[in-house]
Amino acid sequence: MPDKLLAIEQKNPEGGWRDAKVEFRKGTMCYAAAPKNIAYLGGTNPREWQPFDADWKLPPNWKRIILDGMKERLQKYRSFRLFMEICVRCGACADKCHFYIGSGDPKNMPVLRAELMRSVYRRYFTLTGRLFGSLVGSRELTEDVIKEWFYYFYQCTECRRCSVFCPYGIDTAEITMMGRELLDLIGCNINWVMEPAANCFRTGNHLGVQPHAFQDSLQFAADEASEITGLPIEVPINRKGAEILFVMPSADYFGTPHYYTLLGYLMLFHEIGLDYTVSAFASEGGNFGLFSSHELTKRLNAKIYEEAKRLGVKWILGGECGHMWRVFHQYMDTMNGPADFLEPPVSPITGTRFDNARSTCAVHICEFTADLIHHGKLRLDPSRNDRWNVTYHDSCNPSRAMGLLEEPRHILKSVCRNFHEMPENTIREQTFCCGSGAGLGTDENLEMRLRGGFPRANAVKYVREKHGVNLLACICAIDKATLPTLMEYWVPGVEVAGVHELLGNALVMTGEKERTTDLRGEDLRGEPLTKEEAAHE
Amino acid sequence: MKAFAPLLAILATVAFAALAGHVHAGLILLAVFVPYAAFAVFLVGFCYRVTRWAWAPVPFRIPTTCGQQKSLPWIKPASLDNPSTGWGAFRRMALEVLLFRSLFRNNRARLHDQRLVLGEDQYLWLGALAFHWSLLVILLRHLRLFLQPVPFIVTALSRLDGAFQVGVPAVYVSDVVILGALVYLTARRFCNPLVRYLSLPIDYLALFLLLGIVTSGLLIRYVFPVDVAAIKQFALGLAVFHPVVPSALPPTFLVHLLLVSALAAYFPFSTLMHTGGVFLSPTRNLTNNNRSRRHINPWNHPVKTHSYAQWEYEFRDKLKAAKLPIESEDAGQITGD
């Protein structure tokens, strides 16, 4: 426990917001992208600089670049033009943002985050803005405004919670995405986005894992799964002619607790005898391009279909990941389709046709597994998860950009016996972000992450105190990477796990040896925790 | 004070209308030229703005899904909040436009002793709904001034609206509701510290204009009654482009008319355009059938990618060492740059 928890204040803001000066303070911002990463991706203005420098070394014609970039995007995206023009500032979104709630900074109210750009839009693209200036809320585009954009557009996790509440569906994620694209044009981006993106472009995954290391990691996981179960579990890599290409976020084979989820996948695939392969080229489902620009999203996503085609698979199965599914669900087919070389997915075990995925030919692992469980194809012993008292965190993208709400719950309720929902306003489509999405999950930004994650942690604390919850399940790699820190800080005693880790625990496999440990290598306990035990753990 | 300039503008407009009507030229200006010009600006401006949105491409299908998707047959989908069919999206939009469904979700997040408490807060929804619906009823009632004979539906609506029979002339429910709603919405902008902070002068301008219109309208009906027959004669003349201006029109009426004209002319330049924009919002009016039907981006530009062949060429030694299959020894060299 830290000595002192962050004091969160929601003071009533006074005065105006038009002064663009931002104070860059370590802990509440991300560092600038290293020039080598920008250069590798062929981006603009690679240079050494940091946000707290006075001189950002912008290109001499930066203003022209930004305004031309805005003009181009206003013509290419109805969402952008519409969202610049129709907001009536009713304030319904004001207290919906986790960053506003956790920081009390009024410019983190979604409406103001958007106004930072709208004020410039009005000044340069509307008649009234040119004529009446500040009376209609228009502002000059200055270098301070650029710095302010950088600060606040990299203080938004594109979680879309505000857009659920907006009467016109104005989506701050769209505005933040445009803001980041524009900043990209003058070389202002963060390393935590650009380095994974550059890695991904080169090696196929964010972590820069090369094919031999990829094979090592997966082989290691397969060995460990074999050891736990006593079964010869294998993992096929780059195998042509497999029925299914399985794509997961790279953290699954390189991070903890993601790794236990990977063990869960491998055990499941072995048990049902799935004809699948993973790929060392399409070794990343995640896509940090999404946090930079639509163009980079498309560039990084292209390998998925390319590899599916090369390997000659019938369809794609996708692992537990949040923004990967935003891309797979809402962008992939449009950007890099049509996937006419694939077939509409059919579960080889149950025969279920995934009609909802017949064009993209990509099925979410939770859809796949929920279908298996529903058809009674898996033998499950939920008592093996009795040491866990579970709640479920809906990851932003699968819930608000897809609607994957019941499938993971169906799995969880089948594989564990103690499950409690967090309060209604904090789950499903109203779920609170972990505070670290959209490329902000770096330690240099820790204070802001803890502030942004406060609403989520607060809801976990509620079920911890009420029901003795000690495990937060989720289906997002960024969640798994960042929620443990969040829990440790705000709600000590709560661990984080993927849904398929719990499935792996409960899965009774044909011919397996008697399990003495769970996937974490910890003792399986026969008895569920009592409330008191959980509270004292 | 952000509300000062808009207040001044409205007061100046009111004063101008009240005074200019005393001069014949002023009367003609207020009663004929201004309404026609304002109506023309409204029509052209509104259509221009809406068509500009409608013609802008929607490169990606990005609905905000607010409920369970349609996936497996045994999981009940939220067909309204996460529509998988056009009919579902239509119903979602209908609820959005007619009942402000998203606004209804509103809640209040406040800190108490370092704990976050989420409370219900439907006042904004109620105020907004009350305002918009009573405005619609009032607009429809005004048709009796422009149509002869008055359609049955308009008479019936007026009768229903005045059914409480309070006072003479009967007080319309919509009049009371719209005044109450506008006063609430205005007070909210002044009193709610967050909303006050994020408001712009133009937000007050729209509210003051509407308050001015409603107040002058109520004065005409309940306090300084006018000769309705004469007004109707005048309105009918305007409607058929044969304006006949009486020798005098009451100042309250001229104020009302000028404010309405001002609102109409201002409309296309303002966020009041949300009236048209709400129908076009891609996070609401699109169907969440992303994986079952391909959405086409009209400007799907080609991008520079890193192909498998280039990747294999770069890592071929490592692939070989790991005994992973290789497509070709030199494929990457040929396609690479």
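Taking into account only those residues within the range A:152-189 that are among the small types (Gly, Ala, Ser) and crowded, with 24+ Cβ neighbours inside 10 Å, which is farthest from the other protein chains (Cβ to nearest Cβ)? First the steps, then the outcome.
Step one: list which residues in the range A:152-189 are among the small types (Gly, Ala, Ser), which gives A:163, A:169, A:173, A:179, A:187.
This time we only want the ones that are crowded, with 24+ Cβ neighbours inside 10 Å, so: A:163, A:169, A:173.
On the way: A:163: 5, A:169: 4, A:173: 9 Å.
For the range A:152-189, the residue satisfying everything is A:173.
Going through A:401, A:438 one at a time, which residue ends up being in contact with a Cys (Cβ under 8 Å, 6 or more places away or on another chain), modelled with pLDDT of 95 or more and assigned by TED's automatic domain parsing to the domain that holds residue A:505?
Checking each option against the conditions leaves just A:438.
Kindly indicate which of B:45, B:67, B:86 is farther than 23 Å from residue B:274 by Cβ and more than 8 Å from chain A (Cβ to nearest Cβ).
Every option except B:86 fails the conditions.
Based on what the data block shows, is residue A:254 modelled with pLDDT under 95 and either surrounded by fewer than 24 Cβ atoms within 10 Å (Cβ to Cβ) or more than 30 Å from residue A:73 (Cβ to Cβ) (or both)?
yes
Just to be sure I understand, how many residues within the range A:428-463 are without any contact (Cβ under 8 Å) to a residue 40 or more places away in the chain and basic (Lys, Arg)?
Taking the range A:428-463 as the starting set, the residues that turn out to be without any contact (Cβ under 8 Å) to a residue 40 or more places away in the chain are A:428, A:443, A:449, A:457-459, A:461.
From what's left, basic (Lys, Arg): A:428, A:449, A:461.
The qualifying residues number 3.
Considering the range A:136-182 alone, what residues qualify as being within 19 Å of residue A:294 (Cβ to Cβ), in contact with a His (Cβ under 9 Å, 6 or more places away or on another chain) and in a loop (DSSP other than H, G, I, E, B)?
Those that are within 19 Å of residue A:294 (Cβ to Cβ), in contact with a His (Cβ under 9 Å, 6 or more places away or on another chain) and in a loop (DSSP other than H, G, I, E, B): A:157, A:158, A:159.
Would you mind stating whether residue A:291 is closer than 16 Å to residue A:404 by Cβ and either buried (at least 24 other Cβ atoms within 10 Å of the Cβ) or modelled with pLDDT under 95 (or both)? Spell out how you get there, then give the answer.
Working: closer than 16 Å to residue A:404 by Cβ: no; either buried (at least 24 other Cβ atoms within 10 Å of the Cβ) or modelled with pLDDT under 95 (or both): yes.
So residue A:291 fails the test.
Which of the residues belonging to the range B:89-103 are within 19 Å of residue B:277 (Cβ to Cβ) and surrounded by 14 or more Cβ atoms within 10 Å (Cβ to Cβ)? Even if it seems obvious, please write down each step before you answer.
Just the residues of the range B:89-103 that are within 19 Å of residue B:277 (Cβ to Cβ), to begin with: B:89-90, B:92-103.
Matches in the range B:89-103: B:89, B:92, B:93, B:95, B:96, B:97, B:100, B:101, B:102, B:103.
I'd like to verify a number: residues in the range A:56-96 that are within 23 Å of residue B:62 (Cβ to Cβ) and either assigned to a helix (DSSP H, G or I) or not β-branched (Val, Ile, Thr) (or both), how many?
24
Of everything in the range A:357-407 that's in a loop (DSSP other than H, G, I, E, B) and among the polar types (S, T, N, Q), which residue is nearest to residue A:522 (Cα to Cα)?
Of everything passing the filter in the range A:357-407, A:389 is nearest to residue A:522 (Cα to Cα).
Of the residues A:530, A:510, only one is loosely packed, with under 13 Cβ neighbours inside 10 Å, of a type in the set (Val, Ile, Thr) and at pLDDT 95 or above; which?
On the way: A:530 fails: at pLDDT 95 or above.
Step by step, each of A:530, A:510 is checked, and only A:510 is loosely packed, with under 13 Cβ neighbours inside 10 Å, of a type in the set (Val, Ile, Thr) and at pLDDT 95 or above.
Filter the range A:322-338 down to the residues that are of a type in the set (D, E, K, R) and more than 7 Å from every other protein chain (Cβ to nearest Cβ) and list them by number.
Kept after step one, since they are of a type in the set (D, E, K, R), are these residues of the range A:322-338: A:326, A:333.
The answer is A:326, and nothing else.
Exactly one condition in (1) surrounded by fewer than 17 Cβ atoms within 10 Å (Cβ to Cβ); (2) in contact with a Gly (Cβ under 6 Å, 6 or more places away or on another chain) is not met by residue B:227; state its number.
Every listed condition holds for residue B:227 apart from (2).
Which residues, taken from the range A:124-151, are within 14 Å of another protein chain (Cβ to nearest Cβ) and more than 17 Å from residue B:205 (Cβ to Cβ)?
Passing the criteria: A:125, A:130, A:139.
Among the residues of the range B:291-331, count how many are facing chain A (nearest Cβ under 7 Å) and not in a loop (DSSP other than H, G, I, E, B).
Residues meeting the conditions: 5.
Would you call residue B:171 surrounded by fewer than 18 Cβ atoms within 10 Å (Cβ to Cβ), under 30 Å from residue A:97 (Cα atoms) and either without any contact (Cβ under 8 Å) to a residue 12 or more places away in the chain or more than 13 Å from chain A (Cβ to nearest Cβ) (or both)?
Answer is no for this residue.
Do we have residue B:21 as small (Gly, Ala, Ser), farther than 30 Å from residue A:359 by Cβ, within 14 Å of another protein chain (Cβ to nearest Cβ) and crowded, with 16+ Cβ neighbours inside 10 Å here?
So residue B:21 fails the test.
Going residue by residue through the range B:104-120, is there one that turns out to be touching a residue at least 40 places away in the same chain (Cβ under 8 Å) and either buried (at least 19 other Cβ atoms within 10 Å of the Cβ) or within 14 Å of another protein chain (Cβ to nearest Cβ) (or both)? If you could, list the steps in order and put the result at the bottom.
Taking the range B:104-120 and keeping what is touching a residue at least 40 places away in the same chain (Cβ under 8 Å), we get none.
There is no residue in the range B:104-120 that is touching a residue at least 40 places away in the same chain (Cβ under 8 Å) and either buried (at least 19 other Cβ atoms within 10 Å of the Cβ) or within 14 Å of another protein chain (Cβ to nearest Cβ) (or both).
Is there a residue in the range A:259-282 that is among the charged types (D, E, K, R), without any contact (Cβ under 8 Å) to a residue 60 or more places away in the chain and part of a helix (DSSP H, G or I)?
As a first pass, look at the range A:259-282 and keep what is among the charged types (D, E, K, R): A:271, A:275.
Among the residues that remain, those that are also without any contact (Cβ under 8 Å) to a residue 60 or more places away in the chain are: none.
There is no residue in the range A:259-282 that is among the charged types (D, E, K, R), without any contact (Cβ under 8 Å) to a residue 60 or more places away in the chain and part of a helix (DSSP H, G or I).
Can you tell which of A:321, A:361, A:366 is crowded, with 21+ Cβ neighbours inside 10 Å and on the phi > 0 side of the Ramachandran plot?
A:361
Scan (1) in contact (Cβ under 8 Å) with a residue 60 or more places away in the chain; (2) closer than 24 Å to residue A:458 by Cβ for the single condition residue A:384 breaks and write down its number.
(2)
Could you give every pair whose Cβ atoms fall below 7 Å, whose first residue belongs to the range A:473-497 and is modelled with pLDDT of 95 or more and part of a strand (DSSP E or B), and whose second residue is basic (Lys, Arg) and buried (at least 24 other Cβ atoms within 10 Å of the Cβ), counting only separations of at least 6 or pairs across chains?
Within 7 Å, the pairs are A:474/A:480; A:496/A:480.
Within the group A:424, A:444, A:367, which residue is within 13 Å of chain B (Cβ to nearest Cβ) and within 23 Å of residue A:249 (Cβ to Cβ)?
From the options A:424, A:444, A:367, the qualifying one is A:367.
Could you tell me which of the residues B:265, B:170, B:235 is in the same structural domain as residue B:137 (by TED's automatic domain parsing), more than 30 Å from residue A:330 (Cβ to Cβ) and assigned to a loop (DSSP other than H, G, I, E, B)?
None of the others qualify; the one that does is B:170.
Within the range A:107-127, how many residues turn out to be farther than 16 Å from residue A:74 by Cβ and either hydroxyl-bearing (Ser, Thr, Tyr) or part of a helix (DSSP H, G or I) (or both)?
8
If a residue must be assigned to a loop (DSSP other than H, G, I, E, B) and surrounded by 16 or more Cβ atoms within 10 Å (Cβ to Cβ), how many such residues does the range A:21-43 contain? Explain how you work it out, then say what you get.
Step one: of the range A:21-43, the residues assigned to a loop (DSSP other than H, G, I, E, B) are A:21-31, A:33-34, A:41-43.
Narrowing the set further to residues that are surrounded by 16 or more Cβ atoms within 10 Å (Cβ to Cβ) leaves A:22, A:28-31, A:33-34, A:41, A:43.
Count: 9.
The values are calculated or read from the model by the stated rules, or taken from the named source; none is laboratory data. These numbers were taken from a predicted model, which means no experiment stands behind them. Here Cβ is always computed from backbone atoms with ideal geometry, including for glycine, and neighbour counts include all displayed protein chains.
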